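Down below is the structure, laid out as structure tokens.
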Amino acid sequence: MKQYHAIGLMSGTSFDGLDIAYCSFKHKKHWEFKIIHSECVKYSKTWISKILNAKNLNAKDFLILNKEYGHYLGGKVNFFIKKHKITELNCIGSHGHTIFHEPNNGLTFQLGCGAAIASTTNKKVISDFRKFDVSIGGQGAPLVPFGDELLFNNYSYCLNLGGIANISYSEKENRIGGDLTFANMASNYLAKKIGSDFDNNGEIAAAGTVNNELLSQLNSNAFFKKQMPKSLAREDFENWFSTIFQANKQITVPDQLATLGLHLTNTISNAITKNKRDVLITGGGAHNKYWINLLKNKYNIECILPSKEIINFKEALIFAFLGVIRLDKKINILSSVTGASRDNIGGVIHFG
């Protein structure tokens, strides 16, 4: 029986912080996992500003930041390893932080130089998971459904409520998946308008009233009529989703949040069949009681909320897993999910 130990790094679009998870994986007849240690490292205001401004830098300064952020990630991993006295480690799987994602233009870039992480930690690092998939016609996203298929296949659906909501499920022996709409990215954006970093437990949304005209506008984009696979990015949020709220600024923030919640949960429900309604829900949005109550009570979805550790660190867990599979030179990206011309092996290995 093969056994691996790996660290997964995940930085998502909602800017909650850097998720670090130290995990073990065993394979006999099927894969088993354990999250041994985990923590979320909050970003300083300086780092949030640097990452948000990265898309505006000239080429040289962007490359400098990419290296600097890689060393930052490596430093946080070193502290994590020392703190938890980690001695067994096969690799570090790093997602990085997405700055550009325009697969239709053959472009995706996740900040955080893998070579810099490897040189800082003296460990084997796998990064840049998305680029090859994009180069062969894929969306380069989502990547988590590969882990859903092998680690969480006892659920009909796996739903992640991060900055962007995405879902995966099995259909005719294929894993299907894709992005649905904006979740925490939109919710945080609205909450900040009234001085909150986020809508804690969905309390602001629960105090609001759905605005049907706003709901109609949110539902109207052609993206929502596309079939899987499909993906969203910050560019989409800035170019056509957030502008809807800006054009309706006369509507109160609680009402906008209530309407966003109905749009989100209706979009989720539309992706789920009538006969299979059990859904594993992870990501920061799993803590939003307004969203979960809508899914349960309005759409009759069986919401399965696992331990807080899995809710908060499932993506970091899966990037550790993707790294392990990459070490074995086996397929870790599914064309049925990304739309690429073939299944492929994603990730560049840097030897520390």
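Bear in mind these aren't lab numbers, they're just calculated from the coordinates by the rules spelled out. What you see is a predicted model; the values in this text were computed from it and never measured. Reconstructed Cβ throughout: ideal geometry from the backbone, glycine too, with neighbour counts over all protein chains shown.
Computed about its Cα centre, the charge dipole of the chain is approximately 760 debye, with only Lys, Arg, Asp and Glu carrying charge at their Cβ. Here the alpha carbons of the range 48-145 define both size measures, Rg and Dmax, at 14.5, 44 Å.
Amide hydrogen proximity for N90: with H placed 1.01 Å from N in the peptide plane, the residues at 5 or more positions away or on another chain lying under 5 Å are H5, A6.
Rounded to the nearest 20 debye, what is the charge dipole size of the range 145-309 about its Cα centre when +1 sits on each Lys and Arg Cβ and -1 on each Asp and Glu Cβ?
So the magnitude is around 300 debye.
Panel order for T121, T181, by other beta carbons found within 10 Å of each beta carbon, from fewest to most: T121, T181.
When DSSP beta bridges are limited to those with both residues in the range 145-309, what percentage is antiparallel, rounded to the nearest 5?
About 65 percent, rounded to the nearest 5.
Extent of the range 145-309 along its three principal axes (Cα atoms, max minus min coordinate, largest first): 48, 32, 26 Å. Pairs of Cα atoms nearer than 8 Å and 6+ residues apart set the relative contact order; for the range 145-309 it is 28 percent.
Neighbouring Cβ atoms within 10 Å as the yardstick, rank W47, W240 fewest first. Please list the in-between numbers first.
Values: W47 19, W240 12.
Taking fewest neighbouring Cβ atoms as first place, the list is W240, W47.
Among S307, S168, S11, which one moves the most in a GNM of the chain with springs linking Cα atoms closer than 10 Å? Sorting by GNM fluctuation, first place goes to S307. The residues M10, M228, when put in order of fewest to most other Cβ atoms within 10 Å, stand as M228, M10. Distance between the 7 Å Cα→Cβ label points at S341 and K329: 2.2 nm. When Rg and the Kirkwood radius Rh are both evaluated on Cα atoms of the range 1-45, their ratio Rg/Rh stands at 1.14. Counted over the range 273-352 with a bin width of 10 Å, the fraction of Cα pairs per bin, in whole percents, is 16, 30, 31, 19, 4, 0. From its DSSP helices (H runs of at least four residues, each -39,500 (n - 2.57)), the chain gives a residue-normalised ellipticity at 222 nm of -10500 deg cm²/dmol. Coupling constants for the range 241-248 follow from the phi torsions by the Karplus curve (6.51 cos²θ - 1.76 cosθ + 1.60, θ = phi - 60°), and in residue order they are 8, 5, 5, 5, 5, 4, 6, 10 Hz; glycine and proline get x. Screening the chain for whole DSSP H helices of 27 Å or more along their axis (Cα) with average Kyte-Doolittle hydropathy at least -1.0 returns 59-83, 308-327.
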